[in-house]
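Data first, discussion second: the structure below is written as structure tokens.
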Amino acid sequence: MTAQPLVLIVDDQADNLDILVAHLADSGFELAVATDGGDALALTHERAPDVVLLDVMMPGIDGFEVCRRMKADARTADVPVIFTTALTDTASKLRGFESGAIDFLSKPLQREELLARIHVHLTIVQQRRELEARNDRLLSLNRELQEQIERRQKLEDQLSLTDQRLDTITRHDVERWSIDGFVGTGPAACRLMDEVRSLQHAERTHVLVLGESGTGKELVSRAIHVGGPRGTRPFIAVNCSAIPAELADAEFFGHSRGAYTGAAGPRHGYFSQADGGTLFLDEIGDLEPRLQAKLLRVLEDGVVTPLGANASRTVDVRVVAATNADLTARVADGRFRRDLYFRLAGYVLTLPPLRERRDDIPLLVRHYLQHLSGQMGRDTPEISDDALASLWGYDFPGNVRELRNLIEYALIAARGARIDVAHLHFLGGAVAPLCGPAARSADRLPEITATSGSGGWAGHDEQRLLALARRDGRVDNAGVQAALAVDHGRASYLLKKLHREGRLDKHGERRWTFYTPAQWSAS
């Protein structure tokens with residue numbers, strides 16, 4: 001509605017027009033005049049009035065038709081129409097209301113009544129428009145609110161999905177890296193697992209993990225992290241030997257935007273990324289001296305300052321460092337800081353090489369056969385006694401990692417068949433002896449497969465019996481009972497079975513019977 005409401009007066013009688021114009025001249029309205037229905041409709045098309053005073057009886061298009069056409073036009077449908085007419089009968093009034101009129105004024109018109117009626121209808125229109133505007137604003141707000149609710153719901157769904165994924169990842173890490181995933185039941189493996197369990201709950205103790213390459217230093221470090229209070233927090237693994245010297249500060253402590261050429265934005269360093277969790281520093285012995293000093297300072301006060309930043313931040317990080325180098329020798333010759341060594345070595349965990357835990361080799365072989373066969377989509381094949389004995393007698397300079405590679409190679413080479421000695425690809429292409437130096441130890445020989453458990457490898461007792469026969473040159477029932485811890489019936493069955501298979505030669509009869517490895521001569 002304009003500042004001055006536009007009132008359209010429609011009447012074919014000049015006297016009536018003069019009276020209406022005189023009544024409204026000083027009332028603050030803008031006036032427009034039409035003398036017939038056609039002109040009135042033309043004027044409403046040019047500009048919609050705020051109210052129409054419409055005569056009924058006009059030549060051509062009468063008032064009723066003009067009103068109907070206005071109400072049918074979206075531009076003027078809401079304009080209030082007041083009929084001004086001498087017709088006072090009920091039928092005419094009903095016809096007028098049916099055509100869309102809002103009010104009737106009878107001629108002769110009274111100024112006060114005319115003004116009052118106009119103001120009432122203008123006020124109603126104004127209030128309706130304000131209400132519609134308010135409703136539109138409310139609808140708009142409701143739409144915005146609904147959009148916000150939908151956006152929030154999407155974010156919550158995404159967060160929920162992220163939580164589920166993180167939970168899945170955490171569960172996966174627990175399954176993959178927990179102490180339950182360790183393979184080994186020998187004395188060395190049991191001692192190691194006991195130490196790991198103790199370290200899991202000493203969450204503020206830094207740990208130094210020592211061991212040859214391939215002994216599983218990262219596996220042990222992850223197990224220490226996963227099984228403790230920090231297990232749901234980040235585990236950040238860093239290879240110290242792979243970080244360029246010029247980027248070391250930024251990588252470890254982060255940087256601010258513009259700290260150096262190419263630093264387009266801020267970046268969190270390894271310590272900030274591991275906040276609340278564990279920072280695993282592999283190959284710690286290769287850390288350059290300048291960075292050793294900075295690492296020591298962070299370990300002492302727990303404060304990191306990003307490169308190019310003025311503000312520092314405090315971090316809560318447990319450091320587990322690992323190396324296959326002799327750190328004490330490096331400390332002695334000055335290549336590694338003594339104070340940093342003692343800061344890192346809150347507890348020193350030394351991993352035994354595989355040659356010192358041969359009892360676990362059968363279990364590890366079985367584990368890798370099952371695991372790698374599953375990855376290849378194959379059934380787990382058998383492995384011959386001779387192949388297992390060769391593995392048990394090998395020294396494994398590459399430790400568990402080398403054993404895994406050997407089994408993977410053998411699975412491919414055997415093409416699903418039973419794995420034999422010919423399928424084992426040892427370091428340098430050499431084939432390990434069927435019984436290595438350790439296998440010739442009388443004390444350890446009976447333990448070759450003792451840790452495999454019941455229902456484990458088929459033929460373990462036969463393998464141990466053959467190894468005993470190769471070592472001593474001959475075996476009898478009493479010796480087998482003592483060596484294998486079996487009864488007379490089991491010993492007799494094993495000896496007869498290997499004889500039938502052509503793997504043992506029989507000599508003598510009854511109580512004087514003894515056996516030698518096939519093609520060996522009895523002494």
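The values are calculated or read from the model by the stated rules, or taken from the named source; none is laboratory data. Please read all numbers here as calculations on a predicted model, not as lab measurements. We place every Cβ from the backbone using ideal geometry, glycine too, and count neighbours over all the protein chains shown.
Residue pairs, Cβ under 7 Å, 6 or more apart or interchain, first in segment 320-338 and more than 22 Å from Arg204 (Cα to Cα), second of a type in the set (A, V, I, L, M) and at pLDDT below 95. List them.
Phe336/Leu327
What number of residues within segment 310-369 are in a strand (DSSP E or B) and crowded, with 16+ Cβ neighbours inside 10 Å?
Going residue by residue through segment 310-369, those that are in a strand (DSSP E or B) are 313-314, 318-323, 347-350.
Filter again for crowded, with 16+ Cβ neighbours inside 10 Å, leaving 313, 318-323, 347, 349.
Counting residues in segment 310-369 that are in a strand (DSSP E or B) and crowded, with 16+ Cβ neighbours inside 10 Å gives 9.
Would you say Met57 is at pLDDT below 90, outside the structural domain of Lys107 (by TED's automatic domain parsing), farther than 14 Å from Phe97 by Cα and in a loop (DSSP other than H, G, I, E, B)?
Values: at pLDDT below 90: yes; outside the structural domain of Lys107 (by TED's automatic domain parsing): no; farther than 14 Å from Phe97 by Cα: yes; in a loop (DSSP other than H, G, I, E, B): yes.
Answer is no for this residue.
Residues that are β-branched (Val, Ile, Thr) and under 26 Å from Arg128 (Cβ atoms): list the strands (runs of 3 or more DSSP E) wholly contained in segment 1-54 that include at least 1 such residues. Can you show your working first?
Numbers: elements: 6-10, 30-34, 51-54.
Qualifying strands (runs of 3 or more DSSP E): 6-10, 51-54.
Condition first: more than 16 Å from Ile19 (Cα to Cα), surrounded by fewer than 17 Cβ atoms within 10 Å (Cβ to Cβ) and small (Gly, Ala, Ser). Now tell me which residues in segment 93-128 satisfy that.
Correct list: Ala116 only.
Residue-wise test of (1) within 27 Å of Phe235 (Cβ to Cβ); (2) touching a helix residue (DSSP H, G or I) at 6+ places or on another chain (Cβ under 6 Å); (3) hydroxyl-bearing (Ser, Thr, Tyr).
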site	(1), (2), (3)
Thr305	yes, no, yes
Ala311	yes, no, no
Ala332	no, no, no
Arg338	no, yes, no
Ala345	yes, no, no
Pro353	yes, yes, no
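Of the residues Ala389, Ala410, which is aliphatic (A, V, I, L, M) and more than 37 Å from the chain's Cα centre (by Cα)?
Details: Ala410 fails: more than 37 Å from the chain's Cα centre (by Cα).
Criteria check complete, one pass: Ala389.
Among the residues of segment 450-481, how many are of a type outside the set (D, E, K, R), in a helix (DSSP H, G or I) and either touching a strand residue (DSSP E or B) at 6+ places or on another chain (Cβ under 9 Å) or at pLDDT 80 or above (or both)?
Narrowing segment 450-481 to residues of a type outside the set (D, E, K, R): 450-460, 463, 465-469, 473, 475, 477-481.
Add one more test, that the residue is in a helix (DSSP H, G or I), and what stays is 450-452, 460, 463, 465-469, 477-481.
Still in the running and either touching a strand residue (DSSP E or B) at 6+ places or on another chain (Cβ under 9 Å) or at pLDDT 80 or above (or both): 465-466, 468-469, 477-481.
Residues meeting the conditions: 9.
Where the second residue is crowded, with 17+ Cβ neighbours inside 10 Å and the first is free of Cβ contacts under 8 Å to residues at least 12 places away in the same chain and lies in segment 460-486, which pairs have Cβ atoms under 6 Å and are six or more apart or on separate chains?
Short answer, once both residue conditions are applied: Gln481/Ala491.
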